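Right, one structure below, let's go through it.
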Amino acid sequence: MENISLQIEKALGFVAAEKVAAYEADVKKYSQDLHNGTGKGNDFLGWLNLPSSITDAVLSEIEETAQKLRARCEVVVVVGIGGSYLGAKAVIDAVSNTFDWLQTERKNPVVVYAGQNIGEDYLYELSQFLNGKQFGIINISKSGTTTEPALAFRILKKQLEDAVGKAEAKERIVAVTDAARGALRTLANQEGYKTFVIPDNVGGRFSVLTPVGLLPIAVAGCDIRQLVAGAVKMEGVCGLDTAYAENPAAQYAAVRNELYKSGKKTEILVNYHPKLHFFAEWWKQLYGESEGKEGKGIFPAAVDFTTDLHSMGQWIQEGERTIFETVISVKTPNYQVEVPADAADLDGLNFLAGKRVDYVNKMAELGTQIAHIDGGVPNLKIEVPQLNEYYLGQLIYFFEKACGISGYILEVNPFDQPGVEAYKKNMFALLEKPGFEEATKAIKARL
Ligand code: PA5
């Protein structure tokens, strides 16, 4: 079976191959630091061996709970934000039929999301959508105290209990949170919800292969065993025993840091399949939160091509030359669509008759790569054999491992996120949360 593969050749006109090769010793040391727990943030390395250490019993428990929700609910609301929602949405969107949720005859429940924003209209419209439907809730928060999901859960829990009664609501709510700490743990214990634990040593953005991601993904009807199997495969491929030149995570970490040093401050993750839009959102969080600190870090951006070639394409081709692209290229689509012949040929497309749509997409991809390289944009390419759970598992682990190494190359702690607290303190002060009296006075004096 093939694996995902990284191609860096199209970046080597911008940074010398010898310079990338020169990272070998550093990358080896940083990889060992990860595996030995001797680097920064070493209390958050639980993700490193997660794929190979997930037990069959845990997977079965997740599948059984998912089955229970699937049997009771036509809609399941996943409540969470950041690392507590993006991984699940990334995988579900990437492998599910795009239009399935619009079908009246479905084998899978519709999965919707809440707690990832504080939009009042969003919550109102969600409540309206859920009205009269059989719905359940997966409430995910590692800290158990995050405002956005807590707020959404309070509203949705009331709606569910009002609709079906407390006893039935209890059967349709699952909490994924810390083993002992946080308001969600207390609430779940008191209400008697089924719970799953997020391990202490796995941070939010690295948690997609824990019940945080696996439970919603299983509820959506996706194959979590294949997802984990793909990740296990990459755990080996990106492991300590793989030579530097053969190790995609090591190569990616090195080349993106060398590009950064050469002035390429923004990395754009590119896809040619709209199903990967939220995979890029997951990737943005992984790299943005891991590396953007101490006044450093590549800015992670993303575009959907060819859609965004008709908007951001201009900037990428001719704007400030501080960017590089990493293209996720899907080798073989899951389905085939051929361009039909047309006798009148008024649109002039008969030259494509009998060709597959993916052939057109691939030529757009190749043409764009050549144009962007000509325009001064280094290109990295990650080839994915097919969009399915197995290869998404590979991609997830590849990006996680590369992120750990890359953060160490940058000499930051890739596993903390001190910067996300600043807005929370101000928000609580402005909301006059008990305990924030001094901060409230101080911030109001500034208004
Ligand atoms: O990566 C992170 O740690 C964050 O994005 C968190 O996942 C996010 O803030 C949600 O936190 P919690 O799961 O504690 O509600």
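Could you please let me know if LYS29 is in contact (Cβ under 8 Å) with a residue 24 or more places away in the chain, open to solvent by 20 Å² or more (accessible area, probe 1.4 Å) and either outside any helix (DSSP H, G or I) or in the same structural domain as ILE396 (by TED's automatic domain parsing) (or both)? Spell out the reasoning first.
On the way: in contact (Cβ under 8 Å) with a residue 24 or more places away in the chain: no; open to solvent by 20 Å² or more (accessible area, probe 1.4 Å): yes; either outside any helix (DSSP H, G or I) or in the same structural domain as ILE396 (by TED's automatic domain parsing) (or both): yes.
Judged against the criteria, LYS29 is not a match.
Residues are listed down the side, and each one gets a yes or a no for (1) of a type in the set (Phe, Trp, Tyr); (2) at pLDDT below 95; (3) open to solvent by less than 60 Å² (accessible area, probe 1.4 Å); (4) part of a strand (DSSP E or B):
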position: SER290; (1), (2), (3), (4): no, no, yes, no
position: THR326; (1), (2), (3), (4): no, no, yes, yes
position: GLN336; (1), (2), (3), (4): no, no, no, no
position: ASP342; (1), (2), (3), (4): no, no, no, no
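Does GLU267 satisfy being open to solvent by less than 10 Å² (accessible area, probe 1.4 Å) and assigned by TED's automatic domain parsing to the domain that holds ALA371? Talk me through it step by step, then tell me what you get.
Details: open to solvent by less than 10 Å² (accessible area, probe 1.4 Å): yes; assigned by TED's automatic domain parsing to the domain that holds ALA371: yes.
Yes; evaluated as a whole, the condition is true for this residue.
Please go through region 398-427 and give me each residue that is open to solvent by less than 30 Å² (accessible area, probe 1.4 Å) and more than 18 Å from GLY41 (Cα to Cα), ordered by number.
Matches in region 398-427: PHE398 only.
Hey, can you tell me all the residues within region 229-249 that are crowded, with 23+ Cβ neighbours inside 10 Å and either farther than 15 Å from ILE405 by Cα or of a type in the set (A, V, I, L, M) (or both)?
Within region 229-249, GLY230, ALA231, MET234, ALA249 qualify.
Given the structure, is GLN386 of a type in the set (S, T, N, Q), more than 16 Å from the ligand (Cβ to nearest atom), within 30 Å of SER207 (Cβ to Cβ) and surrounded by fewer than 18 Cβ atoms within 10 Å (Cβ to Cβ)? Let's see the steps before the verdict.
Working: of a type in the set (S, T, N, Q): yes; more than 16 Å from the ligand (Cβ to nearest atom): yes; within 30 Å of SER207 (Cβ to Cβ): yes; surrounded by fewer than 18 Cβ atoms within 10 Å (Cβ to Cβ): yes.
Answer is yes for this residue.
Quickly run through region 78-122 and pick out the residues that are surrounded by fewer than 17 Cβ atoms within 10 Å (Cβ to Cβ), closer than 23 Å to LEU184 by Cβ and among the hydroxyl-bearing types (Ser, Thr, Tyr).
Result: TYR122, single match.
In the same structural domain as ASP304 (by TED's automatic domain parsing), farther than 26 Å from GLN285 by Cβ and of a type in the set (Gly, Ala, Ser): is that true of GLY348 in this structure?
Taking the combined requirement at face value, the residue satisfies it.
Evaluate the following for GLY204: is it open to solvent by less than 50 Å² (accessible area, probe 1.4 Å), of a type outside the set (Phe, Trp, Tyr) and more than 10 Å from the ligand (Cβ to nearest atom)? Break it down into steps so the answer makes sense when it comes.
Working: open to solvent by less than 50 Å² (accessible area, probe 1.4 Å): yes; of a type outside the set (Phe, Trp, Tyr): yes; more than 10 Å from the ligand (Cβ to nearest atom): no.
No, not satisfied.
Given (1) of a type in the set (A, V, I, L, M, F, W, C); (2) within 16 Å of the ligand (Cβ to nearest atom); (3) not in a helix (DSSP H, G or I), where does ALA88 come up short, assuming only one miss?
(3)
Identify, by number, the condition in (1) more than 16 Å from the ligand (Cβ to nearest atom); (2) in contact with a helix residue (DSSP H, G or I) (Cβ under 8 Å, 6 or more places away or on another chain); (3) open to solvent by less than 60 Å² (accessible area, probe 1.4 Å); (4) part of a helix (DSSP H, G or I) that LYS68 doesn't meet.
(3)
Looking only at region 352-374, decide whether some residue is closer than 30 Å to ASN97 by Cβ, assigned to a strand (DSSP E or B) and open to solvent by less than 30 Å² (accessible area, probe 1.4 Å). Don't jump to the end; show me each part of the working.
Narrowing region 352-374 to residues closer than 30 Å to ASN97 by Cβ: 352-369.
Pick out the ones that are also assigned to a strand (DSSP E or B) and you get 356.
Now restrict to residues that are open to solvent by less than 30 Å² (accessible area, probe 1.4 Å): none.
No: region 352-374 contains no residue that is closer than 30 Å to ASN97 by Cβ, assigned to a strand (DSSP E or B) and open to solvent by less than 30 Å² (accessible area, probe 1.4 Å).
Is at least one residue of region 211-228 more than 17 Å from VAL91 (Cα to Cα) and either in contact with a helix residue (DSSP H, G or I) (Cβ under 9 Å, 6 or more places away or on another chain) or part of a helix (DSSP H, G or I) (or both)?
no
Mind checking which residues of region 123-162 are within 14 Å of the ligand (Cβ to nearest atom), buried (at least 18 other Cβ atoms within 10 Å of the Cβ), assigned to a helix (DSSP H, G or I) and not aliphatic (A, V, I, L, M)?
GLU148, PRO149, PHE153
Tally time: how many residues in region 405-427 are more than 14 Å from the ligand (Cβ to nearest atom), in a helix (DSSP H, G or I) and touching a residue at least 24 places away in the same chain (Cβ under 8 Å)?
Qualifying residue count for the region: 4.
Test ARG185 against the criterion of being open to solvent by less than 30 Å² (accessible area, probe 1.4 Å), in contact (Cβ under 8 Å) with a residue 60 or more places away in the chain and charged (D, E, K, R), and give yes or no.
No: the conditions fail for ARG185.
Working only within region 214-260, note down all residues that are within 16 Å of the ligand (Cβ to nearest atom) and in contact with a Lys or Arg (Cβ under 9 Å, 6 or more places away or on another chain).
PRO216
Quick test for you: out of ALA180, ALA169, pick the one residue that is in the same structural domain as LEU86 (by TED's automatic domain parsing), over 18 Å from ALA88 (Cβ atoms) and within 15 Å of the ligand (Cβ to nearest atom).
Exactly one residue qualifies, and that residue is ALA180.
Going by what's in this entry, would ILE316 be described as more than 21 Å from the chain's Cα centre (by Cα), surrounded by 18 or more Cβ atoms within 10 Å (Cβ to Cβ) and either not in a helix (DSSP H, G or I) or not assigned by TED's automatic domain parsing to the domain that holds VAL112 (or both)?
Against the criterion (more than 21 Å from the chain's Cα centre (by Cα), surrounded by 18 or more Cβ atoms within 10 Å (Cβ to Cβ) and either not in a helix (DSSP H, G or I) or not assigned by TED's automatic domain parsing to the domain that holds VAL112 (or both)), ILE316 qualifies.
Where residues in region 190-210 are in a helix (DSSP H, G or I) and not aromatic (Phe, Trp, Tyr), which of them is nearest to GLY404 (Cα to Cα)? Reasoning before the result, please.
Going residue by residue through region 190-210, those that are in a helix (DSSP H, G or I) are 190-191, 204-206.
After this cut, where a residue has to be not aromatic (Phe, Trp, Tyr) as well, the list is 190-191, 204-205.
Values: GLN190: 38, GLU191: 38, GLY204: 14, ARG205: 12 Å.
This residue is ARG205.
The values are calculated or read from the model by the stated rules, or taken from the named source; none is laboratory data. Computed from a prediction, not measured in an experiment: that's the story for all the values here. With ideal geometry, Cβ positions are generated from the backbone for all residues, glycine too; neighbour counts draw on all protein chains shown. Just so you know, the surface numbers come from the protein's heavy atoms only, side chains and all, with ligands and any DNA or RNA stripped out. Shrake-Rupley method; radii C 1.70, N 1.55, O 1.52, S 1.80 Å.
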